[in-house]
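Worksheet: one structure, shown below.
The values are calculated or read from the model by the stated rules, or taken from the named source; none is laboratory data. Worth saying up front: this structure is predicted, and the values here are computed from it rather than measured. Note that each Cβ is placed from the backbone with ideal geometry, even for glycine, and that neighbours are counted across all protein chains shown.
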Amino acid sequence: MSLVIQQLIDLWGPPVAGEVRPDAAVGPICTDSRKLGSGDFFVPLVGERFDGHTFLGELPKLAAQAAVVSHAWHHPVPPDLLHWRVDDTLEAYQQLGLFHRRALQQPVVAITGSAGKTTTRELIRSVLMPLGPIQASTGNNNNDVGVPLTLLQADNSHRALVVEMGMRGPGEIARLSRCSEPDLAVITNIGTAHIGRLGSREAIAAAKCEIAMHLSPHGAVVIPAGDSLLDTSLARVWSGRVIRVRLDDDQAADADLIGCIDGDQIVVDGQRFGLPLDGRHNARNFLLAIAVAGELGVPLASLANLQVEVPGGRNRRLDKDGLILLDETYNASPEAVLAALDLLAAQPGRRFAVLGTMLELGDRSVELHAAIAARAAEIKLDGLVVVASDPEAAAMANAAAAIERLAVVVEPEAAAEPLMHWLKQGDVVLLKASRGVALESLMPLLPRF
């Protein structure tokens, strides 16, 4: 940390108790009582099943430096503990993240979208690596707790920060934008993920565009071209620069960056880049990353043969003893499943899919599941296993009735039985479902050749 106690006094006023040395550096910020060490500054967070305040009594024994305490905590606090009272400890944590972000002064790139956030985050992290060490979000640290954590883990050795922003409802991305004050914002797409919570694509677009609410006025928003809903929603909160990207054969308006896929390469402004990930959707995500790289001064020639590793369950191609698996088990939205089916359609040989339930689609769930199954039939899959319960299962089975090999099961492990009879060496199988389905549990049960 680069903060001093005086800055906390300026932010929250004088501490309630404890010895004050205004010029003392603020110790490492810790929210996990299990990891708290000597000299740490403790921020007790409150969840549905836990309250970090219950650990305050242990802080003197661990020689913690200080803490913040919620006004709502009415139990005793160690009398000599240096601490401040605040309305909301989570908000205080985000304020600390913002203070640290401002002290570092490195550029911050923020990413959100209905699908492809994590993949695009990893593409951007990789294209920025010629600048030096890059601090980026990891795992699921894309929420109210994870974003300040990512900021606080950065130091002066990092040349840029790449911050993923997810959401479960309106207002969350606005808070994350306020916490990180991005220099560049990337919106991968506007889809139907979380439509059960937000009610409409218009509401989803408005929530995603909150990413620009605290964007640097000298910054820019990078988006795919041709989405009028995204353009309209963004214009309500951002009047600065917008950089649009598209593939040359997309049905979209003009763009600032246009890529042409040529085999396993993409050509942009006469320069050739190897496609680091399979699929047209990932080619578009790569264009978003190239735009960010250009904005931050990365020599584009250094990106000719980029290597990108994405977290498990995303865009993984596995050779399982002669069976080719397209592992997309981590999560699913309608747009992401359609993109994965298009990737499957481009594979040689016999093609099969195991498609599980997509969650949080609300009143449109049956309709959207049926549309996915209809697309599976349209690309003439050799076989489809649906992992779902009624009414989604019935809708998918009806829409995919033209597929000769079709099975419907409730549990992912049950999908192994029909696949054992269908699959042969060299076949390609796509596995795609929402995280809650745990479709990865099927993988050890698939046949070996």
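Miscellaneous remarks
- Restricting attention to segment 189-231, the residues that are of a type outside the set (Gly, Ala, Ser) and out of contact with any Asp or Glu (no Cβ under 9 Å at 6 or more places or on another chain) total 13.
- If you filter segment 272-309 down to residues that are surrounded by 18 or more Cβ atoms within 10 Å (Cβ to Cβ) and within 15 Å of Lys432 (Cβ to Cβ), you find that the one that is farthest from the chain's Cα centre (by Cα) is Gly279.
- Filter result for Glu404 (assigned to a loop (DSSP other than H, G, I, E, B) and modelled with pLDDT under 95): yes
- Residue satisfying condition, being among the hydrophobic types (A, V, I, L, M, F, W, C), out of contact with any helix residue (DSSP H, G or I) (no Cβ under 9 Å at 6 or more places or on another chain) and farther than 28 Å from Glu404 by Cα, within set Val267, Val298, Val310: Val267
- Scanning segment 407-449 for residues that are among the β-branched types (Val, Ile, Thr) and over 29 Å from the mean Cα position of the chain (by Cα) yields Val408, Val409.
- Set Ala397, Ala353: member being touching a residue at least 24 places away in the same chain (Cβ under 8 Å), part of a helix (DSSP H, G or I) and either buried (at least 19 other Cβ atoms within 10 Å of the Cβ) or over 23 Å from the mean Cα position of the chain (by Cα) (or both): Ala397
- For segment 255-270, the tally of residues that are farther than 14 Å from Phe286 by Cα and among the β-branched types (Val, Ile, Thr) stands at 0.
- Residues (of a type in the set (Val, Ile, Thr) and not in a helix (DSSP H, G or I)) located in segment 1-24: Val4, Val16, Val20
- Being without any contact (Cβ under 8 Å) to a residue 40 or more places away in the chain, under 24 Å from His281 (Cα atoms) and assigned to a helix (DSSP H, G or I) is not true of Arg121.
- Every residue from segment 27-60 that is in contact (Cβ under 8 Å) with a residue 40 or more places away in the chain, assigned to a loop (DSSP other than H, G, I, E, B) and of a type in the set (A, V, I, L, M, F, W, C): Val43, Leu45
- Considering each residue of segment 182-199 in turn, none proves to be in a helix (DSSP H, G or I), more than 30 Å from Glu367 (Cα to Cα) and not assigned by TED's automatic domain parsing to the domain that holds Glu360.
- Residues in segment 302-329 that are polar (S, T, N, Q) and out of contact with any Leu (no Cβ under 8 Å at 6 or more places or on another chain) were compared, and the one that is farthest from Ala115 (Cα to Cα) is Ser302.
- Test: residue in segment 147-154 that is of a type outside the set (A, V, I, L, M, F, W, C), out of contact with any Phe, Trp or Tyr (no Cβ under 8 Å at 6 or more places or on another chain) and not in a loop (DSSP other than H, G, I, E, B): yes
- The single residue among Leu446, Leu439 that is of a type in the set (A, V, I, L, M) and either at pLDDT 95 or above or within 20 Å of Leu343 (Cα to Cα) (or both) turns out to be Leu439.
- Candidates in segment 83-105 are the residues that are assigned to a loop (DSSP other than H, G, I, E, B) and at pLDDT 95 or above; of these, the one that is surrounded by the most Cβ atoms within 10 Å (Cβ to Cβ) is Asp88.
- Residue list for segment 358-391, restricted to those being of a type in the set (Lys, Arg) and not in a loop (DSSP other than H, G, I, E, B): Arg364, Arg375
- In segment 216-229, the residues that are within 16 Å of Arg178 (Cβ to Cβ) and in the same structural domain as Thr188 (by TED's automatic domain parsing) reach residues that are among the acidic types (Asp, Glu) and assigned to a loop (DSSP other than H, G, I, E, B) with C-beta atoms within less than 7 angstrom, at least six apart or across chains, in these pairs: Ser216/Glu181; Ser216/Asp183; Gly219/Asp183.
- Residue within segment 278-301 that is under 21 Å from Asn315 (Cβ atoms), in contact with a Leu (Cβ under 7 Å, 6 or more places away or on another chain) and not in a helix (DSSP H, G or I) present: yes
- Answer residue from segment 175-207, given it is without any contact (Cβ under 8 Å) to a residue 60 or more places away in the chain and buried (at least 19 other Cβ atoms within 10 Å of the Cβ) and is nearest to Glu91 (Cα to Cα) among those: Ala207
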